[in-house]
Amino acid sequence: VPPPRRAQPADQRSVRSHNLALALSEVAGAVSPVSRADIATATGMTRATASSLVEALLAARMVTELAPRIGPQGGRPATGLTLSGDGPAALGLEVNVDYIAACVLDLTGTVKHREVAELAERDRTPAASAEALGRLAGRATAAAGRADLRVAGAALAVPGLVDADGILRLAPNLDWRDVDIRGLVVRQPALADLPLAVDNEANLAALAELSVAPQDGSFLHVSGEIGIGAGIIVDGALYRGRHGWSGELGHVSVDPSGPECSCGSRGCLEQYAGQDAILRAARRQPARGTSAGGDGALARLVQEAREGDAQVLEALARASVALGVAVSTALNLLDLDHVVLGGIYAPLYPWMAPEVERQIRRRVLSSQWKPPTVRRSALGADAAVVGAARSVLQRVLADPGAYLP
Ligand SMILES: [Zn+2]
């Protein structure tokens with residue numbers, strides 16, 4: 001006998017929230033459209049409960065109905081349900097060393113809007129970057145509105161250590177320290193009233209990769225930019241470490257007496273395999289606005305590698321050895337058998353992966369029995385900003401009750 005309604009309102013609400021999430025996850029996880037009856041069967045709810053939850057999800061435009069279909073046994077046609085592409089949406093934002101980016105994803109994960117802008121030298125202060133991000137976010141939410149989408153939340157990818165309160169403790173390549181980046185960004189008019197999460201770019205890029213190419217659910221995702229970050233995915237979840245600061249592969253030392261790094265240490269991986277380090281070694285001008293912009297120094301580097309330019313090939317070989325050494329250290333510690341190369345390493349993959357693989361075979365103890373694979377990221381340079389938006393979608397799917405209009 002259920003308790004009287006008045007007695008436990010909070011419990012009833014939480015049961016309904018839980019059941020809403022369960023019903024939505026049945027729709028989201030299905031390979032083909034599911035019916036109300038399918039949801040009832042899969043979750044053990046009554047048909048009436050499943051139908052009432054589906055009505056709420058339809059009203060919130062989180063799911064949508066397809067035309068009725070007749071099952072293989074004939075009988076009454078069932079209405080298929082899928083995630084809706086015109087309900088709640090997610091805003092992904094990114095601030096990086098030389099660019100800012102924004103994107104909007106609908107609940108199905110389709111990118112509906114994307115914009116990347118170069119971050120001018122004078123805008124590389126926290127306050128100016130936040131204002132520039134605010135302008136980008138304004139254009140993104142306007143585009144979402146035109147597409148009949150309602151932005152439900154936002155997440156910001158940053159190139160540094162973030163703590164649980166959204167304070168960016170250290171971003172060496174931006175020379176930012178103890179910046180309340182969350183506080184600065186939520187103050188922008190375009191982001192007023194939107195829940196905003198802040199996370200490390202490499203973590204978010206790894207989560208984005210997990211959603212498009214799961215690689216058995218466990219892998220090391222390495223993002224090369226001017227800095228280098230890694231995302232450690234174990235059994236389908238991000239391993240964040242004690243404070244959320246794991247994955248600083250760029251500051252793993254490959255030579256204790258090597259060149260000085262922006263972090264204050266010496267011989268860090270990013271001094272050998274970061275974008276600027278590669279360009280310097282190839283005696284090219286480290287140029288800005290390239291990591292996500294697509295033009296400029298990185299594209300030229302790829303072209304020159306293709307043409308067999310000796311200086312460029314030598315710089316890439318040197319970077320690949322350093323990357324292979326650092327990745328091997330991580331694999332020896334973590335016991336992972338897939339490595340995904342993302343960021344600048346995706347276009348540079350043909351010239352870097354073979355040497356990274358060679359170093360792994362030589363240095364990872366277990367590779368004699370189970371050699372780890374090295375793959376190219378399925379995503380382009382916008383993995384972090386797309387990952388940011390995907391992290392918002394995950395929150396909506398995990399607790400749709402909190403995002404009902
Ligand atoms: Zn360093």
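Out of curiosity, is G250 on the phi > 0 side of the Ramachandran plot and within 12 Å of the ligand (Cβ to nearest atom)? Against the criterion (on the phi > 0 side of the Ramachandran plot and within 12 Å of the ligand (Cβ to nearest atom)), G250 does not qualify. When residues in the stretch 173-184 are screened for being out of contact with any Asp or Glu (no Cβ under 9 Å at 6 or more places or on another chain) and within 16 Å of the ligand (Cβ to nearest atom), 4 of them pass.
Output yes when any residue across the stretch 301-315 is more than 16 Å from the ligand (Cβ to nearest atom), under 24 Å from the mean Cα position of the chain (by Cα) and surrounded by fewer than 15 Cβ atoms within 10 Å (Cβ to Cβ), and no when none is. No, because not a single residue in the stretch 301-315 is more than 16 Å from the ligand (Cβ to nearest atom), under 24 Å from the mean Cα position of the chain (by Cα) and surrounded by fewer than 15 Cβ atoms within 10 Å (Cβ to Cβ). With respect to A154, is the statement that it is small (G, A, S) and part of a strand (DSSP E or B) true? Here the answer is yes, as A154 does meet what is asked.
Scanning the stretch 378-390 for residues that are in contact with a helix residue (DSSP H, G or I) (Cβ under 6 Å, 6 or more places away or on another chain), among the small types (G, A, S) and surrounded by fewer than 24 Cβ atoms within 10 Å (Cβ to Cβ) yields a single hit, A378. For P172, which of the numbered conditions (1) over 20 Å from the mean Cα position of the chain (by Cα); (2) at pLDDT 95 or above fails to hold? Tallying (1) over 20 Å from the mean Cα position of the chain (by Cα); (2) at pLDDT 95 or above, P172 fails exactly one: (2). Considering the stretch 255-288, the residues that are in contact with a Pro (Cβ under 8 Å, 6 or more places away or on another chain) and within 19 Å of D98 (Cβ to Cβ) include one that is farthest from the ligand (Cβ to nearest atom), namely L279. Answer yes or no: is there a residue in the stretch 203-217 that is within 19 Å of the chain's Cα centre (by Cα), assigned to a strand (DSSP E or B) and of a type outside the set (D, E, K, R). No - not one qualifying residue is present in the stretch 203-217. In the set G294, G264, G289, only one residue is surrounded by fewer than 24 Cβ atoms within 10 Å (Cβ to Cβ), part of a loop (DSSP other than H, G, I, E, B), modelled with pLDDT under 95 and in contact with a strand residue (DSSP E or B) (Cβ under 6 Å, 6 or more places away or on another chain); that residue is G289. Figure legend. Inter-residue proximity from the stretch 257-274: first residues without any contact (Cβ under 8 Å) to a residue 24 or more places away in the chain and hydrophobic (A, V, I, L, M, F, W, C), second residues assigned to a loop (DSSP other than H, G, I, E, B) and near the ligand (Cβ under 7 Å from one of its atoms), beta-carbon distance below 7 Å, spacing 6+ or different chains. Indicated pairs: C268/C261.
Return yes when V327 is crowded, with 19+ Cβ neighbours inside 10 Å, assigned to a strand (DSSP E or B) and more than 15 Å from the ligand (Cβ to nearest atom) and no when it is not.
No.
Restricted to the stretch 218-238, and to residues there that are buried (at least 17 other Cβ atoms within 10 Å of the Cβ) and assigned to a loop (DSSP other than H, G, I, E, B), the residue that is farthest from the ligand (Cβ to nearest atom) is S218. Can you find a residue that is in a loop (DSSP other than H, G, I, E, B), modelled with pLDDT under 95 and closer than 30 Å to D106 by Cβ anywhere in the stretch 358-376? Looking through the stretch 358-376, none of the residues is in a loop (DSSP other than H, G, I, E, B), modelled with pLDDT under 95 and closer than 30 Å to D106 by Cβ. Just to be sure I understand the filter: pairs with C-beta atoms under 7 Å, separated by 6 or more residues or on different chains, first member in the stretch 21-43 and assigned to a helix (DSSP H, G or I), second member among the polar types (S, T, N, Q). Which pairs pass? That search, which allows pairs on different chains as well, returns L22/T43; A23/T43; E26/T43; V27/T82; R36/S51; A40/T46. Every condition in (1) in contact with a strand residue (DSSP E or B) (Cβ under 7 Å, 6 or more places away or on another chain); (2) away from the ligand (no atom under 16 Å from the Cβ); (3) not in a loop (DSSP other than H, G, I, E, B) is met by G244 except one, and the failing one is (3).
The values are calculated or read from the model by the stated rules, or taken from the named source; none is laboratory data. Small disclaimer: the values here were computed from a predicted structure and weren't measured. Neighbour counts run over all protein chains shown; Cβ positions are idealised from the backbone, glycine included.
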